[in-house]
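Any read-out appearing in this document is the output of simple, stated calculations on the displayed coordinates, not a laboratory observation. Just so you know, these numbers come straight off a predicted model, no measurement behind them. Positions of Cβ are backbone-derived with ideal geometry, glycine not excepted, and every protein chain shown enters the neighbour counts.
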Amino acid sequence: MHLILIFIAVVVLYLWWQNYFSQTNSVTSNQVPNHSDHYTIAFLSHGKIFCRKPAGDIKEIHSPFIQGVVERTEKSKQLHSWKEGTTFDVSAGGGMRTHKSANIELHATSFQFVSTDHVIYALKDNSVGGLFGQNLIDGTEQRLIHKQHLLLEDLAINPDGTQVLCTSLNQNGAANIGIINIDGSEYHELTSGDTIDTHPAWVQNEPHNMLFQSIGIARNEHGYQAAHGPASIQMLNTKEAELEAVKEAEDKDYLQPKVAPDGCLYFIQRPYEIPQYATKNQLTDTLLFPFRLLRALFHYLNFFSLMYSRKPLTSANGIESQADLKNILVKGKHFDAEQALKTGKKVNGVPSVVPQDWQLIRRTRYGEESVVANHVASYDIAQDGNVVFTNGYGVFVIKPGSLPTSVFEGKLITEVIIDKVNSVQKPT
């Protein structure tokens, strides 16, 4: 009897402690964001641009150009609707064509604030891309540059707002750093070679120097990419055309370099994974070869069945295939977002897409390094020295040497951008 009473007392005490601890955390989490939530933050999710002003709601920034493409696609769908169910609606692969606006592949790849009410962003699809500007007050959009095979990412505006660094993707898998005037004129590339040069950044008070992330490409005898080397941080002096390695290692990736207003270098550090084609992959390919051959034969016969009898060989034909949301790409790595949401580690209670060893590092001018935060998928630096970062599901603000504070939660956030013009905290 005494043991039962003691057990009940322990349980009651434990529940009281849990309730008190959760209330304390709740008060802390509600008070701290109100004190530090003074930034205008934008982020990219599923190729769309979203923005949240201090203590405001998350709103999508719509591109009139994309909306125009959607409207034209919808009109085309209505124009060709008479073909549905006929042989004219059979695609080369044997399936039925669809004309749904949801299939549009045009999406945003990068975003930056020129001022609080003026932004620029890069849009692209499989073959065409460009740079666009928009006035957030009236929604007017300006097409700065738009051409075939100009696929831009990683925009970075210089301090005086006249030029933009960017990443230009090539069809062979390589990428170069380019520079363009803010009005879309005089575009040219600063780097070249068979490398993946991305995430350029201006260096504080050094207009001729720029940092970027560089990855070497290994190709096979047919010219296809076989593997990638570790990511390093390089500095290019555009005046002297000199290249200097700032940070590199054989077992680490160093990503997304940025220079803070105090001159410190920030970057994401993660373990480098050597790509390997193991024996088990060869065995799997061998075992699955007959099934893949049969699948190809089935689609070949299905095409003729649709052409001549207007009937598919299976009732499942024509159903729109859904994207595999479990396989998302963050900084060149694939993750199971659904699994991370359920079992992954959390930052301030928010599940993280990327693992703990994705660390944000701060390096002083004297070479001293310290870990600012873990689980960092993307980040940006405010003018007051605070850092805004995302773990893929939430956005946080952190002051170097302190703990992160939750600002808001999103879903599958790949890039986070801060309005640096109005990012200096006002005294309270």
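Key figures
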{"item": "Difference of contour (0.36 nm per residue) and Cα-Cα distance, residue 128 to residue 368", "result": "82.1 nm"}
{"item": "Burial order of peptide ranges 357-364, 211-218, 189-196 (average beta-carbon count within 10 Å, highest first)", "result": "211-218, 357-364, 189-196"}
{"item": "Mean-position separation - Cα centroids, the range 151-167 and the range 176-248, in angstrom", "result": "13 Å"}
{"item": "Added length on full extension, which subtracts the Cα-Cα distance from 0.36 nm per residue, residue 53 to residue 243", "result": "64.5 nm"}
{"item": "Sequence-distant residues sharing a close amide H with residue 377 (under 5 Å, placed H)", "result": "390, 391, 392"}
{"item": "Gyration tensor (alpha-carbon) shape descriptor, the range 103-234, a/c threshold 1.5", "result": "oblate"}
{"item": "Mean shadow area of the range 177-228, taken as a quarter of the surface of its Cα convex hull (nm²)", "result": "4.7 nm²"}
{"item": "Residues 421, 416, sorted so that the one with the fewest Cβ neighbours within 10 Å comes first", "result": "421, 416"}
